[in-house]
Amino acid sequence: MKNLFLASSVETTGPAIGKEIENILGKKAKDIKLVFIPTAGMVEEEKGWIENDRSGLVEAGFEINDYDITDKTPKDIEKDLNMYDVIHVNGGDTFYLLIQARKSGFDKWIKEKVLSGEKIYTGSSAGSIACAPNTMDAEFFENYDYFKELKTYEGFGLVDFMIFPHWGSEDFKEKFLNHRIEVAYKADNKIILLNDWQYMKVEGDKYRIVDVRDK
């Protein structure tokens with residue numbers, strides 16, 4: 001059975017997600033092998049929030065190993081990532097992440113491993129957006145050159161909905177109101193809005209929003 005935890009930020013939700021994963025795997029976070037994939041943020045000028053997200057998972061008790069999927073091959077992905085119980089894909093530029101996922105074969109690998117229940121997937125921001133069947137309506141079109149290289153908006157297809165992260169954040173207000181809502185306002189869209197204190201827990205075909213402030 002597939003298990004995913006999709007958040008806007010694991011800086012704020014990491015400890016709660018960690019407890020959920022401990023319950024699923026039946027062992028303490030320090031004994032769970034988690035890999036942190038920062039690839040989406042490698043093209044961002046400001047990277048402080050990557051450290052903040054990493055700190056949220058460290059606070060949960062995980063020992064973090066970083067792994068950039070850029071320039072990797074499908075053989076590298078299988079050999080290097082197969083040892084981990086939890087695959088965390090962090091935020092940044094969704095298009096850049098998808099480009100590197102396709103080039104490396106990570107997109108096919110992660111879909112097989114997560115849908116079979118072999119690996120637990122956690123994501124924050126772009127790492128959550130990328131799980132959708134299609135990511136078109138979630139982008140801000142700031143890096144159109146990445147899209148031209150990507151050619152299609154197809155995501156990992158791990159869930160049948162799309163996450164809109166950072167809902168209510170002042171940092172994203174203008175982008176939401178002046179672009180994202182306009183292009184995404186369609187009756188056939190299945191969109192989940194998450195603020196920075198919420199995460200989506202996916203267990204098989206069931207999913208629910210958890211707000212860490214309620215605990």
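Taken together, the values in this text are just the output of simple stated rules run on the coordinates, not laboratory data. The model shown is predicted, which means the values in this text are computed figures rather than measured ones. Backbone-built Cβ (ideal geometry, glycine too); neighbour counts: all protein chains shown.
Would you calculate the separation in nanometres between label points at Thr70 and Asn82, each defined as 7 Å from the Cα along the Cα-to-beta-carbon direction?
About 2.7 nm, to one decimal.
Please identify the GluC sites (Glu not before Pro) of segment 1-100 that satisfy two criteria: DSSP loop assignment and at most 13 other Cβ atoms within 10 Å. Which are they?
When the GluC sites (Glu not before Pro) of segment 1-100 are filtered for loop state and at most 13 Cβ neighbours within 10 Å, Glu45, Glu46 remain.
Roughly how big is the chain's charge dipole about its Cα centre, with Cβ charges of +1 (Lys, Arg) and -1 (Asp, Glu), in debye to the nearest 20?
Details: 29 positive and 39 negative charges, 160 e Å.
The dipole of the chain has a size of about 780 debye.
Lys/Arg Cβ at +1, Asp/Glu Cβ at -1, dipole of segment 3-214 taken about the Cα centre: which of Trp49, Trp109, Thr94 is farthest positive-ward?
The residue sitting farthest along the positive end of the dipole is Trp109.
At 7 Å along Cα-to-Cβ for each site, give me the label-to-label distance between Glu170 and Arg102 in nm.
3.8
Over the residues of segment 1-120, compute the C-alpha Rg and express it relative to 2.2 N^0.38 Å. Please list the in-between numbers first.
On the way: Rg = 13.7 Å, N = 120, 2.2 N^0.38 = 13.6 Å.
Relative to the rule-of-thumb radius for its length, segment 1-120 sits at 1.01.
Over the chain, with a Gaussian network built from C-alpha contacts below 10 Å, which listed residue (Gly61, Gly48, Gly117) shows the highest mean-square fluctuation?
Ranking Gly61, Gly48, Gly117 by mean-square fluctuation puts Gly48 first.
What Kirkwood hydrodynamic radius, in Å, does segment 3-214 give when the mean of 1/r is taken over all pairs of distinct Cα atoms and then inverted? Please report the intermediate quantities before stating the final value.
Numbers: mean 1/r = 0.0588 Å⁻¹.
Roughly 17.0 Å, rounded to one decimal.
Out of Ala16, Ala29, Ala184, any idea which swings most in a Gaussian network model of the chain, alpha carbons joined below 10 Å?
Comparing Ala16, Ala29, Ala184 in a Gaussian network model of the chain, the most mobile one is Ala184.
Could you work out [θ]222 nm for the chain from helices alone, using -39500 (n - 2.57) per DSSP H run of at least four and dividing by all its residues? Round to the nearest 500 deg cm²/dmol. Could the numbers behind the result be given before it?
On the way: 8 runs with 72 residues, N = 215.
Using -39500 (n - 2.57) per qualifying helix, the result is -9500 deg cm²/dmol.
Please give the contour-minus-distance gain from Lys151 to Asp205: 0.36 nm per residue of separation, less the Cα-Cα distance, rounded to one decimal in nm.
Numbers: separation 54, 0.36 × 54 = 19.44 nm, distance 2.96 nm.
That pair, Lys151 and Asp205, stretches by 16.5 nm at full extension.
Using label points projected 7 Å from each Cα along Cα→Cβ, tell me how many nm separate Lys28 and Asn134, to one decimal.
Output for this residue pair reads 4.8 nm.
Just the Cα atoms of segment 75-152: what Rg and Dmax do they give in Å?
12.7, 36
Quick query: amide H of Glu154 versus all other amide H atoms, modeled in the peptide plane; which residues come in under 5 Å with a sequence gap of 5 or more or a different chain?
Answer set, sorted by chain and number: Thr135.
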